[in-house]
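Below is one structure, written out as structure tokens; comments come after it.
The values are calculated or read from the model by the stated rules, or taken from the named source; none is laboratory data. The shown structure was predicted, so the numbers you read here are calculated from the model rather than taken from an experiment. Here the Cβ is made from the backbone with ideal geometry for all residues, glycine too, and neighbour counts use every protein chain on show. Accessible surface areas use protein heavy atoms only, side chains included; no ligands, DNA or RNA. Shrake-Rupley method; radii C 1.70, N 1.55, O 1.52, S 1.80 Å.
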Amino acid sequence: MPADFLSLYLPNLLLILSVFIVGAASPGPATLMIMNVSAREGRAAGVMLSLGIVTGSIFWACVAALGFVAALKTSVMFFTAMKMAGGLYLLFLAFRAFRSASRKPAAGVPEATPVPVSRSRQYLRGLLLHLTNPKAPLVWMATLSVGAAATAPSAFLFTAVALCALAGTGVFVGYACLFSTRSAVAAYRKMRRPFDIVIGTLFGAAGIRLLTLKSA
């Protein structure tokens, strides 16, 4: 990267990166899902889920950087389909969490270990979660516009996307590692039912909110 390019755009890149990290680290459907899967199914599952989420995020970042978001935003049909898919998927996740909470092991029987899901399926879960979120491209458009002028070169935009992708990988994989520690897994198994109820409630609320999201 040329030194003059770096010196000219470094403050803007750092601003975009800071905004992105705050948003990525904040509680939301992605972090809730990583936390739940990592505690239930282990670190490898949580990491693959995280990588799927990051891939979906990069896709929407590229869409925003290429300038397609403004056109997509005006398509009522596109956003209606997106919010329906995303909202229903979140409600499905809520249903699964409530179903898990309803399962009470017999007295004296230890908590059963969840059936492992293949790494490819975990990756696709994370990818689907982000690709069906109609707010993701809008958030990316806002994030990039914070530190990018209208005349910003494409090299700047894609450098910003690359830096955010690295930061997002660090944040989400970090969450997967944190919530798959022995103490986190033990706490989850001890408090599985109330934890699943909380997760289900949050996913359900997010799904309903997404279904009622205005397209404009």
message = Looking at segment 9-57 only, could you name the residues that are without any contact (Cβ under 8 Å) to a residue 40 or more places away in the chain and closer than 21 Å to Lys135 by Cβ?
response = Ser18, Val22, Ser26, Pro27
query = Just a yes or no: is a residue in segment 193-209 out of contact with any Asp or Glu (no Cβ under 8 Å at 6 or more places or on another chain), open to solvent by 50 Å² or more (accessible area, probe 1.4 Å), over 22 Å from Pro29 (Cβ atoms) and of a type in the set (Lys, Arg)?
reply = no
note = Note on segment 135-156: residues modelled with pLDDT of 75 or more and open to solvent by less than 30 Å² (accessible area, probe 1.4 Å) are Ala136, Pro137, Trp140, Thr143, Leu144, Phe156
